[in-house]
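The values are calculated or read from the model by the stated rules, or taken from the named source; none is laboratory data. Only a predicted model underlies this, so the values are computations on that prediction, with no experimental measurement involved. Methodologically, a virtual Cβ is constructed for each residue, glycine included, from the backbone with ideal geometry; neighbour enumeration extends over all protein chains shown. Keep in mind that these areas ignore ligands, DNA and RNA; they rest on the heavy atoms of the full protein, side chains included. Shrake-Rupley method; radii C 1.70, N 1.55, O 1.52, S 1.80 Å.
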Amino acid sequence: MVEEALTTKRVTDVEELSLADNGMVYTLDDVPKPFSTALGLGLQHVLTMFGATISVPLLLAPALGMSGTQLAILVASAMLCSGVATFIQVNFGTRLPIIQGVSFSFLGPFFAIIAATAGGAVSMQYIAGAIILGALVEMFIGFSGLIGKLQKFISPVVIGPTIALIGLALYESGAPIAGNNWFLAGIVIVGVFLFNFVLGKNKNLFSLFPVLLSVIAAYVVALVLTYTGVFGPESAGYVSFETLQASPWFRTPGQIFMPWGAPKFSLSFFLVVLAGYLASTIESYGDYQAMNKVCQGPELTPQRVSNGIGCEGLGCLITGLLGGFASTSYTENIGLVGLTKVASRYVVNIGVVVLILLGIIGKFGGFIASIPMPIVGGLYITMFGLIAAIGLSHTAKADMSSQRNLMIIGFSLFMGLSLPTYFSAHPLVFESAPWLSDIINSIGGTGMAVGAICGLILDNLIPGTDQERGLEAEGEAA
């Protein structure tokens, strides 16, 4: 029984008890019981990040000119890479319940590499080589402690807008996707609010699994309407099993380790991918802050931040060999933790096992890929706004009556939303140095990167006391 699970939590010390008292259902070290509860919570994490994870291979496959079978391998590789990278981060990095997955920050550099190569497996070999080289740089930045030393320059005035932009900058993944079938998306949106805030008040089952229950309800409706002919193949709500049919039952070792062949290395491609790493690192730092705030975890020390970035680089090094994908922290799952108040590492490690199985047993990935995207769009609508709100709440540590702080925060937010729109319409082109163009366009086109850079520069150049900037409040909270 779920109610029984709430009374059998494992709490390791007084600090964890205080965290539970602060509103979390399951804190970092808790083990939900019975196992079926933990399994459902782990599956919920996988469902939350699945849409974003398969979106990258689905976007890359047409440009790569891949067949259905190759697409199935690409999707399975993304799942396996996510599972391995998440295991490293949760158990050895920040040790926060952060899901790692393939990053949209790298799409621009990936498309540039594909355009300059032959497509197919050859392009993936060059992409893998660039990811491996970039991973070494990220590991150095992390494990050397450099990123941790910079933390003292990053106040709540910078962190708040950066976290908010992680959610706000993803607005294109909300209504535009959900709007392809508002009926299915609406089931998810209404379901999340209904299960979590109405029915969940009287029954813990609903408050623990609002996302999972909402997705299941919407998927069953989509399946029924597909088989009754209401949703045809041209409908966004149509449930297609083409990817399932194209997926093998089990991937062979050759399809798991370097599935596209040995990585190929190119200095120019490495420099292009570094732009993705920069945007990804800034995003991950914001995600660490957001997740730590959601979990009400212990102090996010420079060492923990350094371990997180270093382990993210280590994860990219390994995943570069497993499928040619770079991993970064996923904001979707921060919203899930904030919604369900479940921060258990044990739960995320169950999700890791599921992700690895999805990467090895191809039929699993093929089945989950049958979930219509409007259902995923409904999830995005409910969660990305929550992430933005978490970021804005972080600014409460700073003096929000200060005109200095209001100007910096407002400017960072506006530029984080506006400048990427400019770069999408007017990308910079340096014919003599195309790699520099890719770096600038990648950073300028990433909202959280723009917001973080604007905030960092202004907050450290414009005079302000530690109390005004919120640094004293962070020290007291720690």
**Fill in**
Carbon and sulfur atoms account, in whole percent of the 1.4 Å probe accessible area of segment 387-478, for 66 percent
**Item:** Point-to-point label distance, A118-A433, nm (Cα→Cβ direction, 7 Å offset)
**Value:** 3.2 nm
**Message:** Could you compute the longest span of the chain free of GluC sites (Glu not before Pro) located in DSSP loops and having at most 13 other Cβ atoms within 10 Å, not counting the site residues?
**Reply:** 1-233
**Asked** Which whole DSSP H helices in the chain pass both tests: a Cα extent of 20 Å or more along the axis and a mean Kyte-Doolittle value no lower than 1.0?
**Response** 35-64, 68-92, 120-143, 210-227, 345-360, 373-394, 447-461
**Message:** Can you give the longest run of the chain that contains no trypsin sites (Lys or Arg not before Pro) sitting in a DSSP loop with at most 16 other Cβ atoms inside 10 Å?
**Reply:** 204-478
**Asked** Calculated from DSSP H runs of 4 or more alone, at -39500 (n - 2.57) each and per residue, what is the 222 nm mean residue ellipticity of the chain, nearest 500?
**Response** -22000 deg cm²/dmol
**Asked** So if R0 is 51 Å, what FRET efficiency would T252 and F153 give, r being the distance between their Cβ atoms, rounded to the nearest 0.05?
**Response** 0.55
**Nitroxide proxy distance, nm - points 7 Å out along Cα→Cβ at N460 and M400** = 2.6 nm
**Asked** Arranged from highest to lowest average of other beta-carbon atoms within 10 Å per residue, in what order do the peptides 186-196, 441-451 appear?
**Response** 441-451, 186-196
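In Å², and per residue, what accessible area does the chain have when probed at 1.4 Å with the other protein chains present?
39 Å²
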**Fill in**
From the cross-link list K33/K149; K203/K363; K33/K201; K203/K293, the entries with a Cα-Cα span beyond 31 Å are K33/K149; K203/K363
**Fill in**
Quick numbers on segment 162-252, Rg and Dmax over C-alpha atoms in Å, give 16.4, 48
**Request:** May I ask you to derive the relative contact order of the chain, considering only C-alpha pairs under 8 Å and at least 6 residues apart, and to give it as an integer percent?
**Result:** 31 percent
**Prompt:** Fully extended, how many nm does the chain gain between K203 and W182 (0.36 nm per residue separation, minus their Cα-Cα distance)?
**Reply:** 4.8 nm
**Complete:** Between S418 and A389, the two model label points (7 Å from Cα along the beta-carbon direction) sit apart by a distance in nm of 2.7 nm
**Request:** For segment 323-461, calculate the relative contact order in percent as a whole number, restricting contacts to Cα pairs under 8 Å that are 6 or more residues apart.
**Result:** 21 percent
**Solvent-accessible area, 1.4 Å probe, carbon plus sulfur percent, for segment 148-278** = 70 percent
